[in-house]
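Structure record follows, encoded as structure tokens.
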Amino acid sequence: MPLIKSKGNMYEWVGYTHSHLGGECPHKCSYCYVQAMAARFPNMKARYSGPVRLIENELAVRYGSGKIIFIEHMNDLFADSVPDESIQRILLHCEACHNNKYVFQTKNPTRAYSWLALHKPVYFMIGTTIESNRENLAISKAPAPYLRRDGMMKFIGKAETFVTVEPIMDFDVIPLVEMIVAIKPTFINIGADSKRCGLPEPAPAKVKEFVAKLQEAGIVIRKKTNLERMLA
């Protein structure tokens, strides 16, 4: 089975993606592009509906070497309801082709730490999404932003890290800047709600102030192209 080349408006620095998990992501974020596609395409609905499950034949995909591969880009490998056995088998699959860099992104980095930083099965980088410093419980069942911050701080000095602020939602400038700085990420991505899901968005002036203060703090910023409409 072939490995899929990364495409679209994800991360230009990622070369390939691969997902072993089927079912709906337990975090059920209202802006989830996977569920938006599942609502449109029958094959996506069949694969990404129902409980999270391991798709056995995905373990047959051979990764080769020298690649940057985003693992579980369609789900969250470290969500609380993903079985330990599934996580272990997926990481063993990655370990079988250890001469790659594996990218993991999760809204539950505390659980990720117990699997990745403590066991270090592969060369990896770890990221989280923090859309706002505010707790937007109505749009997601994921751990609160401050818990994501705390989980990511465990990786300081142990792994290359990143934070994605996308889709950026209304926030408080100083608290969010402090949250990002505390994580000490290698870089952050900032992007807007490209699907126009009706999320509460910040004013352009607030976004510009946020970017300026991050730059003052020495944080490397990678702006997604969809952010341009918010900076006009």
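For region 2-22, the set of residues classified as in a strand (DSSP E or B) and touching a residue at least 60 places away in the same chain (Cβ under 8 Å) consists of Leu21 only.
Taken together, the residues in region 180-199 that are in contact (Cβ under 8 Å) with a residue 60 or more places away in the chain and surrounded by fewer than 18 Cβ atoms within 10 Å (Cβ to Cβ) amount to 4.
All conditions but one from (1) β-branched (Val, Ile, Thr); (2) within 22 Å of Asn108 (Cα to Cα); (3) surrounded by 14 or more Cβ atoms within 10 Å (Cβ to Cβ) apply to Ile55; the one that does not is (3). Tally time: how many residues in region 23-53 are touching a residue at least 40 places away in the same chain (Cβ under 8 Å) and within 22 Å of Arg89 (Cβ to Cβ)? Qualifying residue count for the region: 5.
Mind checking whether some residue in region 43-50 is within 16 Å of Val14 (Cβ to Cβ), over 15 Å from the mean Cα position of the chain (by Cα) and part of a loop (DSSP other than H, G, I, E, B)?
no
Listed conditions (1) within 17 Å of Phe171 (Cβ to Cβ); (2) touching a strand residue (DSSP E or B) at 6+ places or on another chain (Cβ under 9 Å); (3) modelled with pLDDT of 85 or more; (4) of a type in the set (A, V, I, L, M) are all met by Val220, apart from (1). Would you confirm whether or not region 1-10 contains a residue that is loosely packed, with under 13 Cβ neighbours inside 10 Å and touching an Asp or Glu at 6+ places or on another chain (Cβ under 8 Å)? There is at least one residue in region 1-10 that is loosely packed, with under 13 Cβ neighbours inside 10 Å and touching an Asp or Glu at 6+ places or on another chain (Cβ under 8 Å). The helices (runs of 4 or more DSSP H) found wholly in region 114-232 and carrying at least 3 residues that are of a type in the set (D, E, K, R) occupy 145-153, 204-216.
Selection of region 81-113 for residues being touching a residue at least 40 places away in the same chain (Cβ under 8 Å), touching a Ser or Thr at 6+ places or on another chain (Cβ under 9 Å), closer than 16 Å to Glu160 by Cβ and not in a strand (DSSP E or B) yields only Pro109.
Of the residues Ala182, Ala205, Ala192, which single one is more than 28 Å from Ser81 (Cβ to Cβ), in contact with a helix residue (DSSP H, G or I) (Cβ under 8 Å, 6 or more places away or on another chain) and not β-branched (Val, Ile, Thr)? Write out each step before concluding.
On the way: Ala182 fails: more than 28 Å from Ser81 (Cβ to Cβ); Ala205 fails: in contact with a helix residue (DSSP H, G or I) (Cβ under 8 Å, 6 or more places away or on another chain).
Exactly one of Ala182, Ala205, Ala192 is more than 28 Å from Ser81 (Cβ to Cβ), in contact with a helix residue (DSSP H, G or I) (Cβ under 8 Å, 6 or more places away or on another chain) and not β-branched (Val, Ile, Thr), namely Ala192.
The values are calculated or read from the model by the stated rules, or taken from the named source; none is laboratory data. Being a predicted model, the structure only gives us computed values, none of them experimental. Cβ sites come from the backbone with ideal geometry, for glycine too, and all protein chains shown count toward neighbours.
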